[in-house]
Amino acid sequence: MPERIVMRTALLLSCCTLLLAHTPARAQLLAGEVPADMSALDLNLGIALSLPFTTDSFALEFDCDDSFDAWAVLHRGAPEVDGPNNALIHFVDDDVEVCVSLAPPTMQRPKYHAFGDPLDCAGSFNWQLGEQVVLGDFGGFTAIGPITIDSLYIGYRRSGQTGWMLLSFDVQGGLNPVSLHVHQLLPLCPGTMAVGEATSASSIALFPNPGNGADIRIESAVPLRSIELLDATGRLVAHHDGGVRMIPSPTMAGIYLLRVMHVDGRMSFVRFVRS
């Protein structure tokens, strides 16, 4: 009788071991994948530079704390042999890790993923705290590319939660403008949220933009709940009711972001430049 108990126990343990061995692990997040409890942010933000020795940027917010987390920066040098063109992401938060290569050690360069690729960080890449990640460059003595990227993803994470950013850029220059676009991103925050296309004619438009101090006229084809103006650090400069269509211009020159809450819960972001 004891021998039967031992045999049955051993058989049960073997079956459990086999079951655990074949239980699928949680799938790794794929580039472009949106988990069931999340929504990707359709930013569609972009800049282009035609003039030599110019720099422009736009802010990115991806952890739902209502403050900027990163800047997408584009620089054009001239001539390219002396001053390179480059596109980069400057992370404001010091706890965001990015999948980057550390070669050369003076520059963090991200790993690019096509749609549907696992957001792994293997081989010569590793998760590192992001500060200034060089997306691509051209010219000078240290630029090693890439020169152009068309709709590829980079991965980032915080406390084990992974997100992605879909971007494109062209820093070759010459007779053509250099450009940088961030199309979408998956934020590092729970819950569902979506951001409408900021540049869509059917969404939000600002006049004049750039502005020189005159009141800003807001045009929207849909009703709004609230309007907020944020400065380059993510600080709230002004809050207005959604029914307002003229707001005072900020007093200081710089780059600002208008954050608009729609009555249906969507949010839109519009970049505003105060000259």
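Of note:
- Scanning segment 261-275 for residues that are of a type outside the set (Gly, Ala, Ser) and either under 17 Å from Pro223 (Cβ atoms) or assigned to a loop (DSSP other than H, G, I, E, B) (or both) yields Met261, His262, Val263, Asp264, Arg266, Met267, Val270.
- Residue in segment 197-206 that is among the small types (Gly, Ala, Ser), modelled with pLDDT of 90 or more and loosely packed, with under 14 Cβ neighbours inside 10 Å present: no
Here is a yes/no grid of residues against (1) under 16 Å from Leu45 (Cβ atoms); (2) part of a strand (DSSP E or B):
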residue: Ala214; (1), (2): no, no
residue: Val222; (1), (2): no, no
residue: Leu229; (1), (2): no, yes
residue: Val237; (1), (2): no, yes
residue: Ile255; (1), (2): yes, yes
residue: Arg259; (1), (2): yes, yes
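- Qualifying residue in segment 143-151 (condition: in contact (Cβ under 8 Å) with a residue 40 or more places away in the chain, touching a strand residue (DSSP E or B) at 6+ places or on another chain (Cβ under 8 Å) and of a type outside the set (Ser, Thr, Tyr)): yes
- Residue list for segment 108-159, restricted to those being within 20 Å of Gly173 (Cα to Cα) and not in a strand (DSSP E or B): Gly139, Gly140, Phe141, Thr142, Ala143, Ile144, Gly145, Pro146, Ile147
- Residues of segment 239-248 satisfying the condition of being surrounded by 14 or more Cβ atoms within 10 Å (Cβ to Cβ), in a strand (DSSP E or B) and not hydrophobic (A, V, I, L, M, F, W, C): His240
- Between Ala10, Ala27, the distinction of being over 25 Å from the mean Cα position of the chain (by Cα) and at pLDDT below 75 belongs to Ala10 only.
The values are calculated or read from the model by the stated rules, or taken from the named source; none is laboratory data. This structure is a prediction, so every number in the text was calculated from the model and none was measured. Because the Cβ atoms are built from the backbone with ideal geometry, glycine has one as well, and the counts that use them run over all protein chains shown.
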